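Input: a single structure, listed below in structure tokens.
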Amino acid sequence: MMCTIAGKWYNERKDFGRKEEVDFIMKTLFIECGMGAAGDMLTAALFDLVEEKETMLARMNAIGLEGVHVHIHPVQQCGIQGLHAQVHVHGHEEGEHEHAHDHDHPHAGHGHEHAHSHHTLSDVHRIIHKLNVSETVKENAVAVYRLIAQAEAKAHDMPITNIHFHEVGTLDAIADIVYVCMLLEHLAFDQIVCSPVCTGSGTVRCAHGILPVPAPATAYLLEGIPAYAGTIQTELCTPTGAALLKHFVDRFCEMPVLRTRKIGYGMGTKTFERANCLRVFWAEDEEASDEVYELRCNIDDMSGEELGFAMDRLFESGARDVFLIPLTMKKSRPGVLLSVICATAEKEAMVRAIFRHTTTLGIRESRCSRYVLKRHIEQEETRFGTIRKKGASGYGILKEKYEYEDLAKFAKEMGISLFEVKKRLK
């Protein structure tokens with residue numbers, strides 16, 4: 001997971017043997033999903049951030065998706081100006097249905113069961129790989145569509161090969177997905193952060209009948225993502241929107257401290273008392289911060305070996321750091337304070353791991369903001385061979401050091417001390 005940071009980086013000039021100072025600015029995208037998320041809304045919001053709009057729109061309409069055309073135009077809701085993206089498939093606009101956003105609910109079963117033609121996931125892959133877009137866009141689009149197919153297969157308890165997508169629904173969903181992938185490639189953010197997702201509530205009508213909101217596939221796609229129902233009884237987060245967030249977002253949290261450069265608004269099709277929009281913030285900063293959780297518990301009935309084993313398992317489970325602090329507990333018993341630092345996304349898994357590998361009966365948590373440096377690893381050719389050098393920069397600071405394992409390897413091979421290896425590398 002990348003951290004919001006910018007600063008100075010020093011690139012080795014191989015030809016002159018000196019270091020050149022280079023400015024590094026970290027670009028962060030924050031997505032505000034207070035009214036859910038859908039492919040068309042993400043498309044419009046991201047398009048709102050683009051400087052050369054006419055050029056980008058021409059590129060979007062030249063991807064080679066037969067019969068598909070996107071129109072993006074300004075609209076107002078609740079006095080707020082934003083953009084609305086309309087995808088037409090053979091002259092028909094997507095979303096001509098009862099949903100709040102996309103028409104992107106695929107059918108499950110065999111093609112002959114329905115009157116209209118359908119596409120399998122393999123068909124979708126072939127369509128995407130023929131498009132006039134970069135390989136990166138193709139790979140991302142395929143990955144997003146696979147997430148949707150996997151969620152539908154799980155919801156219907158059938159193999160992913162049995163999932164079929166309605167032809168028109170497939171084309172407009174592919175368009176939404178590819179457009180978002182293109183826009184994110186063009187905007188080239190270093191980190192994407194997203195708010196908890198409002199799903200809406202009530203019911204939604206789709207090919208299978210009336211389903212609860214969030215629809216089953218959407219609910220599976222949102223597993224592990226903070227989400228809430230809100231007060232509006234309609235579908236606010238669609239499968240396409242959920243899959244795009246799941247694939248691209250680095251972390252989910254409330255809006256962090258941002259130095260905003262530009263804001264984009266993507267408008268939905270339905271009107272509510274509240275503005276039906278998805279908002280995105282383009283932020284650039286020279287300083288970095290992020291959020292982590294610290295999980296703590298006091299233990300007085302585990303041996304040193306048991307604590308060491310638990311520490312190893314916690315690192316394997318994804319802990320950023322694990323440490324023990326000696327303390328005196330009630331009745332003057334010696335004990336330890338176990339502290340585990342983890343990312344928000346790993347918090348629940350870490351809680352389970354602590355309960356599994358320690359004797360504690362309770363865990364305290366604290367959400368912490370922290371300042372971080374941008375980390376970087378590069379390969380350097382030396383008299384001993386290739387060695388990894390770790391660097392960190394930001395806040396006007398540059399730190400560098402060689403990877404310990406590489407230094408130790410050279411020291412063992414040559415029969416010299418670690419200090420001697422470091423000395424000879426200078």
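So the values come out like this:
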| read-out | value |
| --- | --- |
| The one condition in (1) within 19 Å of Ala345 (Cβ to Cβ); (2) of a type outside the set (D, E, K, R); (3) in a loop (DSSP other than H, G, I, E, B) that Tyr220 fails to fulfil | (3) |
| Residue in the range 312-327 that is outside any strand (DSSP E or B), modelled with pLDDT under 85 and open to solvent by 60 Å² or more (accessible area, probe 1.4 Å) present | no |
| Matching option when the condition is small (Gly, Ala, Ser), touching a Phe, Trp or Tyr at 6+ places or on another chain (Cβ under 6 Å) and more than 26 Å from Leu184 (Cβ to Cβ), among Ser317, Ser339, Ser332 | Ser339 |
| Failed item, numbered, when Val180 is tested on (1) closer than 30 Å to Arg259 by Cβ; (2) in contact with a Cys (Cβ under 7 Å, 6 or more places away or on another chain) | (2) |
| Test: residue in the range 331-347 that is at positive phi, open to solvent by less than 40 Å² (accessible area, probe 1.4 Å) and modelled with pLDDT under 90 | no |
| Residue tally, condition surrounded by fewer than 17 Cβ atoms within 10 Å (Cβ to Cβ) and either among the polar types (S, T, N, Q) or touching a Ser or Thr at 6+ places or on another chain (Cβ under 8 Å) (or both), over the range 204-225 | 2 |
| Ala411, sole failed condition from (1) under 30 Å from Glu284 (Cα atoms); (2) surrounded by 11 or more Cβ atoms within 10 Å (Cβ to Cβ) | (1) |
| His164, sole failed condition from (1) closer than 22 Å to Ser122 by Cα; (2) touching a strand residue (DSSP E or B) at 6+ places or on another chain (Cβ under 8 Å); (3) surrounded by fewer than 19 Cβ atoms within 10 Å (Cβ to Cβ) | (3) |
| Candidate set from the range 351-388 (those that are open to solvent by less than 70 Å² (accessible area, probe 1.4 Å), under 16 Å from Glu294 (Cα atoms) and assigned to a strand (DSSP E or B)); member that is modelled with the highest pLDDT | Ser366 |
| Filter result (out of contact with any Phe, Trp or Tyr (no Cβ under 9 Å at 6 or more places or on another chain) and hydroxyl-bearing (Ser, Thr, Tyr)) within the range 380-415 | Thr386, Tyr402, Tyr404 |
| Wholly within the range 246-305, strands (runs of 3 or more DSSP E) carrying at least 1 residues that are open to solvent by 60 Å² or more (accessible area, probe 1.4 Å) and without any contact (Cβ under 8 Å) to a residue 24 or more places away in the chain | 260-267 |
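The values are calculated or read from the model by the stated rules, or taken from the named source; none is laboratory data. All figures in this text were calculated on a predicted structure; none of them were measured in a lab. In this analysis, Cβ positions are derived from the backbone assuming ideal geometry, glycine residues included, and neighbour counts consider all displayed protein chains. We work out accessible area using only protein heavy atoms, side chains counted, and drop any ligands, DNA or RNA first. Shrake-Rupley method; radii C 1.70, N 1.55, O 1.52, S 1.80 Å.
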